[in-house]
Amino acid sequence: MGKQRQRYCIIGAGAAGICAAKYALQAGGDVVVFEQTDQIGGTWSYTDAVGKDRHGLGIHSSMYDSLWTNLPKEIMGYADYDMPEQRRSYIHWSEVLEFLKDYAAHFEVDKHTRFEHLVEEVRPHGDGQWQVRVKDLKQDVRETMLFDYVLVCNGHYSDPVVPDFQGKDLFKGVQLHSHQYRKPHVFKNRNVLIIGAGPSGRDLVFAAEDCAKTIYFSHHVPQKLKNAVFPTNVVQVPDVARLHETEVEFVDGSRHSVDFILYCTGYHFKFPFLHEDCGIELDDDWVKPLYKHILNINHPTMAFIGIPFLVCTTLMFDLQSRFVMKYFSGERPLPTKEEMMEDFESEMNNRWKRGLKKRQAHMMGGEVQRDYYNDVAKTAEIEPIPPVMIDMHIASHRRKNEDLRGFRNDVFRLLDGENFEMEYVEELANRKKM
């Protein structure tokens, strides 16, 4: 009898899950991808719906209709599957979704995906296996299966963080998180407060400019945005102190009349399906203990793909998936638990010494990401992410801060593994408004 094929459970069919599944299939694994929605794409799967879906589950996607990427497409492909060529570097969400579906079809991941299947519980079973309970949402039946490996790829843009300001319950206007935002008509003729200067906060300031009366933009990064050119109806304000019935008071003592608050205040990691026996703890968005931000040190046949942020997302998913398969396929022996724990504690202590907080435990960005990718590649002896990709990521981030409105008119061209060029193309500014 031949060796039994290893069984892989992959949770989520977004950009991380389909990549992990592709490598597990290429390693000869028996792969099942569970996806709670009815299509490939994860957060890139736009829907007009907000709140609950038809099965009573929270809507997963945070995509809004006018979203264009904030990373150039040149760094949004996978190691062996590039984004299609076209003039623009920054593209509409619908093109990213089409690309992900094409990728899944090309590598036949879609054939191994069970759509509208919700993973309800994952727990260790017997000698190193995983017991996974899944609900078929259409048939309303549950099934329990055993797997050798679990790859958690459920994303982290679906559980909104909403600040608990004093007076929040007294405020008589509308309060929404960007997770629930879809189209700009909600701003029409309103005095809008947008809280948060992350990607969605910056975008939606411009999305609201033609609809809202006044847009108050509350954030605490004045240095980064000091040169930004905002619409004439935008007023930059500091952090919120408290809410009143029809006004918002800020930490500098100023008060403004507001009837719509949009929280662009980020998301929490959430793994409701992980039984406590999995040995994973969530501490203020610090997922621990993970070896290289990937492997569950307590049960290293479980991996998380896509935890670090401020990264070259798809390229990192690809790198992490290749890292995992080196160990799961048996090509490389796993380090001991003690070695993994020592590495984990060393890196975390280094972060605390740099003044980072728990919620920044997985934050990369800048040159930190380069060191991380190279460390992951070297540890598993796999092909690293080409340096030019990281250089483009850093350049695009710098341009975002320099020209909030116009950075998406930049066009990047990859010259080779080390070099790229970038130019601002004026006519691209005529594309439809965000």
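The values are calculated or read from the model by the stated rules, or taken from the named source; none is laboratory data. Being a predicted model, the structure only gives us computed values, none of them experimental. Cβ placement follows ideal geometry from the backbone for every residue including glycine, while neighbour counts extend to all protein chains displayed. Only protein heavy atoms, including side chains, enter the accessible area calculation; ligands, DNA and RNA are left aside. Shrake-Rupley method; radii C 1.70, N 1.55, O 1.52, S 1.80 Å.
Side notes on the structure shown:
- Qualifying position, being farther than 25 Å from Gly306 by Cβ and modelled with pLDDT under 95, among Val425, Val411: Val425
- Annotation note: Cβ proximity below 6 Å between a residue of the stretch 167-181 that is part of a helix (DSSP H, G or I) and a residue that is small (Gly, Ala, Ser) (sequence gap 6+ or interchain) occurs for Ser178/Ser200; His179/Ser62.
- The residue pairs whose first member lies in the stretch 221-232 and is more than 13 Å from Glu402 (Cα to Cα), whose second member is open to solvent by less than 30 Å² (accessible area, probe 1.4 Å) and at pLDDT 80 or above, and whose beta carbons are closer than 9 Å, counting only pairs six or more residues apart or on different chains, are Val221/Ala197; Pro231/Val205; Pro231/Phe206; Pro231/Ala208; Pro231/Ile215.
- Filter result for Gly306 (surrounded by 21 or more Cβ atoms within 10 Å (Cβ to Cβ) and out of contact with any Lys or Arg (no Cβ under 9 Å at 6 or more places or on another chain)): yes
- Filtered residues of the stretch 313-360 (kept if open to solvent by 50 Å² or more (accessible area, probe 1.4 Å) and of a type in the set (Lys, Arg)): Arg332, Lys337, Lys353, Arg354, Lys357, Lys358, Arg359
- Test: residue in the stretch 68-75 that is of a type in the set (Val, Ile, Thr), in contact with a helix residue (DSSP H, G or I) (Cβ under 6 Å, 6 or more places away or on another chain), within 30 Å of Met422 (Cβ to Cβ) and open to solvent by less than 40 Å² (accessible area, probe 1.4 Å): yes
- Residues of the stretch 323-357 that are assigned to a loop (DSSP other than H, G, I, E, B) and either without any contact (Cβ under 8 Å) to a residue 40 or more places away in the chain or touching a Leu at 6+ places or on another chain (Cβ under 7 Å) (or both): Gly330, Glu331, Pro333, Leu334, Thr336, Arg354, Gly355, Leu356.
- Residue within the stretch 92-102 that is surrounded by 22 or more Cβ atoms within 10 Å (Cβ to Cβ), outside the structural domain of Asp284 (by the TED database) and more than 15 Å from Glu35 (Cβ to Cβ) present: no
- The criterion of being in contact (Cβ under 8 Å) with a residue 24 or more places away in the chain, in contact with a Cys (Cβ under 9 Å, 6 or more places away or on another chain) and buried (at least 20 other Cβ atoms within 10 Å of the Cβ) holds for Val109.
- In the stretch 76-91, of all residues being among the hydroxyl-bearing types (Ser, Thr, Tyr) and over 30 Å from His185 (Cβ atoms), the one that is least open to solvent (accessible area, probe 1.4 Å) corresponds to Tyr78.
- Some residue of the stretch 108-121 being in contact with a Lys or Arg (Cβ under 9 Å, 6 or more places away or on another chain) and at positive phi: yes
- Per-region count, the stretch 166-188, residues open to solvent by 30 Å² or more (accessible area, probe 1.4 Å) and touching a Lys or Arg at 6+ places or on another chain (Cβ under 6 Å): 1
- Selection of the stretch 212-230 for residues being modelled with pLDDT under 95 and either open to solvent by 60 Å² or more (accessible area, probe 1.4 Å) or under 14 Å from Asn191 (Cα atoms) (or both) yields His220, Pro222, Gln223, Lys224, Lys226, Asn227, Val229.
- Test: Met422 is in contact (Cβ under 8 Å) with a residue 12 or more places away in the chain, among the aliphatic types (A, V, I, L, M) and either open to solvent by less than 60 Å² (accessible area, probe 1.4 Å) or assigned by the TED database to the domain that holds Tyr23 (or both): no
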